[in-house]
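Right, one structure below, let's go through it.
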Amino acid sequence: MNVFNYLIDHSRHSDKLFLLGNKEEITYQDLYRKSMSLAQFIRAGYGENNYIILSAPNSVFFLVAYLAIMKSGNICVPLNPAIEAHNFNYIRETCKSAIAFIDPGLSGKEWPGLEYIHHDFPGEIRSGEEIELLYEEEFDDMRLAEVIFTSGSTGEPKGVMITHRNIIANTDSIIEYLPLGPSDIIEIVLPFYYCYGLSLLHTHMKVGGSAVFNNSFMFIGSVINDLLKYKCTGFSGVPSHFQILLRKSDSFKSTRFPHLKYVTQAGGKLHNAFLKEFAESFPGIVFYVMYGQTEATARLSYLPPALFHDKMGSIGKGIPGVTLELHDENGQKITEPHVNGEIAARGDNIMPGYLNDEASTQKALRGGWLNTNDLAYMDEDGFFFLTARKNEILKVGGKRISPKEIEDVILSIPEVIDCTISGIFDELLGEAIKATIVLSQQKEKIIDETAIRAHCARSLDTFKIPRVIEFKDRIEIADTGKKVK
């Protein structure tokens, strides 16, 4: 099945608003008609199996183009509108793209060698009219639907190939554990060139729910207003979103959200101090801790909210349809509890590979498993606990140290909004520990280097106490909302 039909066929005649908002609105019926008409235009003018770039903020423009590209049998390549020229050129060359949909507001930002479509989408199909060309009965769901480029930790961007089956499988799995329905309204602050953002779009469209787009998270007041005005039932964010809301905002914790049923968090580890703080501030809102990767379409695991307190700090177990294991350095399964290993995943949501990068594909996919590069251990009940990324482990005087352990301790200080632990060169030890800390300016209590080290000394071994402490005014945040390290 083409993922377009999977997502919207059941709601295509509905006059219910999918997108709510001050700037734009669109019903399911209009979204279906516009997307089908544009899909026909793309198929007739460009054929199939092209890599088509889509660069736009979350908007009606993005929705229509995204759905139409996949429906037409082409491959969508969603890109950050603020992408640097050298990355854009690398991606265009990797994909051999000749076509790009660029948001009208970005019409001045163009690169040579591409045919651009800014606006003037073809007219809607008439009510009841069918486009037989696009209703293939034997559509192969192993065809590529999109390629999402991720920078990873080093090197050039990698193009994660995502099939129609990948999206369908992951969406089905998420809906199975996150009980969404037509009455759900999600506040989306995550961009759609990021797999987490796309997963919110997919799940809510599939169940016939609604969405509110907010492309200005840093204006915290607008997020709070959206949650109240549109009676949002859900909010999803990465760790920095929750850190800012809880410790930088004057009003978030004091505001009551009568319609907000749940929040979800992925995109990295949210330290326990913030989990506890949220639960204490909003005891009636269900919190889903989740874990995923672009290479897994979006989601790999979740922690059932009923175990939020008993298993705090855990990323849970594999979502329905996904098997997770821990593997040692030789690729062998680890079964003993509290033994560190690399998380490996298997399921229909796992990518077929990286575009035009066989070496990276073979490294990531071995023996039918996705090697995530994330280190973790399991407890006696089989719940996973992240410890570090492979490339983040520090070696101080021959001792291996996980930055997350030190970050947890420093973030337990209420005046600290964020802490990043990194390694710096040291002639004697090889590496020394540096802590980069962001403090809340709203707090009256003064926190200095001496206070930080004294606090660490109460919980950490001496060799884990940061040698260098740097204070910054704000968290460095990427356009996805993730912290820049």
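Readers should treat all values here as calculations from the given coordinates under stated rules, not as data from a laboratory. On a predicted model such as this, the values are computed, not experimentally measured, just so you know. As a convention, Cβ positions derive from the backbone with ideal geometry for all residues, glycine included, and neighbour counts pool all protein chains shown.
Percent of Cα pairs in the chain per distance bin of 20 Å, from zero to the largest separation: 23, 56, 20, 1. Altogether, the Stokes-Einstein calculation at 4 °C and 1.567 mPa s, with the Kirkwood radius of the range 267-393 over Cα pairs as Rh, returns a diffusion coefficient of 84 µm²/s. Computed from point charges on the beta carbon alone (+1 for Lys and Arg, -1 for Asp and Glu), the dipole magnitude for the range 400-472 about its Cα centre is near 120 Debye.
A full extension of the chain between residue 405 and residue 461 corresponds to an added length of 19.1 nm, given 0.36 nm per residue minus the alpha carbon distance.
Where the alpha-carbon atoms of the range 248-295 are placed on the principal axes, they occupy 37, 22, 16 Å, in descending order.
Tell me the relative contact order for the range 400-472 as a rounded percent, counting alpha carbon contacts under 8 Å between residues six or more apart.
34
Relative contact order of the range 282-441: 14 percent, from C-alpha pairs under 8 Å at least 6 residues apart in sequence. At q = 0.08, 0.14 Å⁻¹, what base-10 log of I(q)/I(0) does the Debye formula yield for the range 146-286 when every alpha carbon is treated as an equal point scatterer in vacuo? Log10 I(q)/I(0), no solvent term: -0.23, -0.71.
Every helix of 4 or more DSSP H residues in the chain counts as -39500 (n - 2.57), and over all residues that averages to -8000 deg cm²/dmol at 222 nm. Counting charges near residue 343 (Lys, Arg +1; Asp, Glu -1) among other residues having Cβ under 10 Å from its Cβ returns a value of -3. Positive end of the charge dipole of the chain (Lys, Arg +1 and Asp, Glu -1 on Cβ, about the Cα centre): tell me which of 53, 306, 29 has its Cα farthest that way. Ranked along the dipole, the leading option is 306.
Looking at the range 240-329, which GluC sites (Glu not before Pro) are DSSP coil and have at most 14 other C-beta atoms within 10 Å of their C-beta?
329
Other residues with beta-carbon under 14 Å from the beta-carbon of residue 330 carry, at +1 per Lys or Arg and -1 per Asp or Glu, a net charge of -2.
When the Cα positions of 316, 221, 44 are compared along the charge dipole of the chain, 221 comes out farthest toward the positive end, with charges on each C-beta of Lys, Arg, Asp and Glu. With the simple model of a label 7 Å out from the Cα in the direction of the Cβ, residue 358 to residue 219 spans 5.1 nm.
For the range 27-104, GluC sites (Glu not before Pro) meeting the loop criterion (DSSP other than H, G, I, E, B) and having at most 14 other Cβ atoms within 10 Å: 48, 84. Put simply, the range 400-472 fits an ellipsoid with semi-axes of 21, 12, 11 Å; these come from the alpha carbon gyration tensor as the roots of five times its eigenvalues, largest first.
Which trypsin sites (Lys or Arg not before Pro) in the range 58-105 pass both tests, a DSSP loop state and at most 13 other beta-carbon atoms within 10 Å?
96
Taking amide hydrogens as placed 1.01 Å from N in the peptide plane, the amide H of residue 439 sits under 5 Å from those of 417, 472, each at least 5 positions away in sequence or on another chain.
Please report the relative contact order for the chain, taking Cα pairs under 8 Å with a sequence separation of at least 6, and give it as a percent rounded to a whole number.
Relative contact order for the chain comes out at 11 percent.
When the charge dipole of the chain is built from unit charges on Cβ atoms (+1 for Lys and Arg, -1 for Asp and Glu) and taken about the Cα centre, the candidate among 180, 139, 265 whose Cα reaches farthest toward its positive end is 265. Looking at the range 400-472, send over the antiparallel percent of its DSSP beta bridges, to the nearest 5. Of those bridges, close to 65 percent are antiparallel.
Each other residue within a Cβ distance under 9 Å of residue 321 adds +1 if Lys or Arg and -1 if Asp or Glu, for a net charge of -3. Looking at the range 400-472, how many pairs of lysines come closer than 20 Å at the Cα, when each pair is eight or more places apart or spans two chains? Close lysine pairs found across the range 400-472: 7.
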